[in-house]
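Student: Quick one: this structure, given as structure tokens, is what I'll be asking you about.
Laboratory data are not the source of any read-out in this text; all were calculated from the coordinates shown. If you're wondering where the values come from, they're calculated on a predicted model, not measured in any experiment. Cβ placement follows ideal geometry from the backbone for every residue including glycine, while neighbour counts extend to all protein chains displayed.
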There are 2 protein chains.
Amino acid sequence: MHTGLSTAVLWCGLALSATAQDLTAGRWIDLTHPFNENSVYWPTAEMFTKTEVFHGHTEGGWFYSAYNFAAAEHGGTHMDSPIHFAEGAHTTDQVPLDRLIGPGVVIDVAEKAAADVDYRVSAADIEAFEAEHGPIGAGTIVLLNTGRAGLYGDRTAYMGTDERGEEAVAKLHFPGLGADGAALLVERGIAAVGIDTPSIDYGQSKDFAAHVELMTHNIPAFENVGDMSDLPATGAMIVALPMMIEGGSGGPLRIVAHLPGG
Amino acid sequence: MHTGLSTAVLWCGLALSATAQDLTAGRWIDLTHPFNENSVYWPTAEMFTKTEVFHGHTEGGWFYSAYNFAAAEHGGTHMDSPIHFAEGAHTTDQVPLDRLIGPGVVIDVAEKAAADVDYRVSAADIEAFEAEHGPIGAGTIVLLNTGRAGLYGDRTAYMGTDERGEEAVAKLHFPGLGADGAALLVERGIAAVGIDTPSIDYGQSKDFAAHVELMTHNIPAFENVGDMSDLPATGAMIVALPMMIEGGSGGPLRIVAHLPGG
């Protein structure tokens with residue numbers, strides 16, 4: 001296909017690698033956990049339910065399937081809108097597309113998180129990433145890979161407890177973004193941040209410092225993001241589209257990544 | 001910015017216009033209606049509701065906002081998954097990304113729909129589009145612009161009735177895709193189809209022929225799509241990401257379009 005263009009495509013691909021990303025080549029990766037009865041919710045939050053309206057053959061002769069669904073905004077793969085932790089900040093429908101679509105970087109802290117379930121990604125981790133891969137530019141979508149997306153099906157392993165209710169909150173253990181890391185990302189002018197754990201603050205957080213720091217600056221957080229192991233440290237384009245809930249504090253998110261290539 | 005690259009970018013943009021679409025230039029348009037109490041649902045379907053969990057200052061000192069939500073899968077800007085009208089076809093989580101992301105064409109039938117609220121887009125309309133703009137290739141996302149997205153806030157104008165319940169269904173009037181049009185799109189091997197009305201079948205449909213024809217061939221339909229008036233007939237890239245409901249027959253959809261350009 002298009003063999004007459006291939007040389008030009010290759011040349012342009014090289015020439016434009018610093019700025020261009022061709023949507024019609026390369027491949028897409030889905031970074032979304034499906035919503036089902038095992039979807040991860042905060043111990044105090046309403047879990048996802050799906051209720052059958054009809055499923056089968058109708059009197060009219062055609063097959064028909066339909067469901068109702070219900071959930072808290074903050075569960076499964078979802079977005080925390082800035083208003084979730086910052087008065088007057090963007091609601092779900094107000095988050096601009098340039099915070100949801102943009103160049104992605106992946107900061108891998110899997111080794112540190114494997115050694116310490118309460119690990120917090122620090123400013124030093126971000127600076128070490130920049131020393132290796134170059135500065136994180138304004139408008140970047142920064143993904144934090146703790147290597148824990150594969151535990152998602154097992155709540156006890158993934159977040160420290162499978163219990164529900166207020167008393168379970170103290171038993172939450174998973175890695176997050178530290179306050180100094182959040183402050184540095186704010187300084188960089190990033191578009192958004194994502195993590196493969198239930199919350200951008202670590203499970204034992206008592207003050208939700210990363211949420212407050214990011215969201216005061218209108219930076220949304222993508223939580224319970226799926227497996228990032230196929231993503232390069234730089235070079236992916238992230239498209240993260242939340243359900244457009246008017247006035248919402250968050251909502252279900254479908255997040256995909258485009259990898260360049262022929 | 002990047003002035004040293006601008007000539008190369010321009011040249012490549014021209015040279016690659018037949019195949020490439022650079023995500024880092026151009027602009028994005030949102031084609032999604034927000035979910036709120038006025039969101040359009042079928043007269044018999046459960047409407048969208050959002051319930052406050054908390055909104056205000058906490059004892060911990062930080063601001064906090066969170067909601068629960070509930071709805072039928074088929075309302076607002078949403079996807080009909082193929083299983084909605086075809087036994088054994090794809091559920092929401094099974095629809096592959098290459099049916100959700102791809103080159104878009106916009107077939108404008110606004111004039112005909114303005115003259116006839118029950119208008120059905122025909123095979124002849126599609127062939128007339130192809131005569132002007134070239135053949136609709138396999139993998140295309142075909143959007144039908146009836147010019148009626150602007151009526152969305154007024155259910156009576158948009159769909160013929162604001163009444164609820166089984167007896168309101170007979171009062172539905174809005175344009176859709178005709179059976180012969182659906183059959184031709186299946187023949188073309190399109191990825192998906194979208195329309196700016198509540199359903200891919202017109203309001204007075206009794207047999208849901210377009211749904212059955214498309215979905216039997218695993219082609220999803222995007223419904224209640226927003227205003228398409230800024231989209232070109234060809235040349236946009238469509239990204240339509242539904243909430244990933246496992247086993248779902250559809251679900252809330254965020255649909256955006258990328259327009260090329262410097």
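Student: Show the residues, 5+ positions off or on another chain, whose built amide H is closer than 5 Å to the amide H of A:V225.
Tutor: For A:V225, whose amide H was placed from the backbone, the distant partners under 5 Å are A:I195, A:D196, A:T197.
Student: When the Karplus curve 6.51 cos²θ - 1.76 cosθ + 1.60 is applied with θ = phi - 60°, which whole-Hz ³J(HN,Hα) does each residue of the stretch B:104-119 get, with x for Gly and Pro?
Tutor: x, 10, 10, 9, 8, 10, 4, 5, 5, 5, 5, 7, 8, 5, 9, 5
Student: Sticking with this structure for a sec: So, R0 is 45 Å and r is the distance between the beta-carbons of B:A168 and A:K112; what FRET efficiency does that work out to, to 0.05?
Tutor: Working: r = 58 Å, r/R0 = 1.30.
Here the calculated transfer efficiency is 0.15.
Student: When you look at the Cβ of every residue in A:66-78, what mean number of other chain Cβ atoms sits within 10 Å?
Tutor: On the way: counts 14, 13, 7, 11, 7, 4, 6, 7, 4, 0, 3, 2, 1.
Across the residues of A:66-78, the mean count of other-chain Cβ atoms within 10 Å is 6.
Student: Once the label point is placed 7 Å from Cα along Cβ, list for A:A183 the distances to the corresponding points in the other copies, in nm, shortest first.
Tutor: Once sorted, the set of distances for A:A183 reads 6.9 nm.
Student: Let me ask something else about it. Separation between the A:V53 and A:R27 pseudo-spin-labels, each 7 Å from Cα along Cα→Cβ, expressed in nm?
Tutor: According to this spin-label approximation, the distance is 3.6 nm.
Student: A further question follows. Enumerate the amide H contacts of B:S81 below 5 Å, restricted to partners 5 or more residues apart or on another chain; note that Pro and chain-start residues carry no placed amide H.
Tutor: When sequence neighbours closer than 5 places are left aside, the close amide H contacts are B:G250, B:G251.
Student: Next question. If you take the square roots of the eigenvalues of the alpha-carbon gyration tensor of the protein assembly as shown and sort them as a ≥ b ≥ c, do you get rounded (a/c under 1.5), prolate (a/b over b/c) or oblate?
Tutor: Details: a/c = 1.99, a/b = 1.25, b/c = 1.59.
The shape class here is oblate.
Student: Using alpha carbons only, how many angstrom separate the centre of the stretch B:136-163 from the centre of the stretch A:179-196?
Tutor: Computed from Cα coordinates, the inter-centre distance equals 39 Å.
Student: Step through the residues of the stretch A:93-102 one at a time and calculate ³J(HN,Hα) from phi using the Karplus curve (6.51 cos²θ - 1.76 cosθ + 1.60, θ = phi - 60°), rounding each to whole Hz and writing x for Gly and Pro.
Tutor: Those phi angles translate into 6, 8, 5, x, 4, 6, 9, 10, 10, x Hz.
Student: At a Förster radius of 35 Å, what calculated FRET efficiency corresponds to the Cβ-Cβ distance of A:E187 and B:E87, to the nearest 0.05? Mind dumping the intermediate values first?
Tutor: On the way: r = 55 Å, r/R0 = 1.56.
Once the sixth-power term is evaluated, E becomes 0.05.
Student: For the stretch A:40-45, what does the Karplus curve 6.51 cos²θ - 1.76 cosθ + 1.60, with θ = phi - 60°, yield as ³J(HN,Hα) per residue in whole Hz, taken in order and with x for Gly and Pro?
Tutor: Values, residue by residue: 7, 10, 4, x, 9, 9 Hz.
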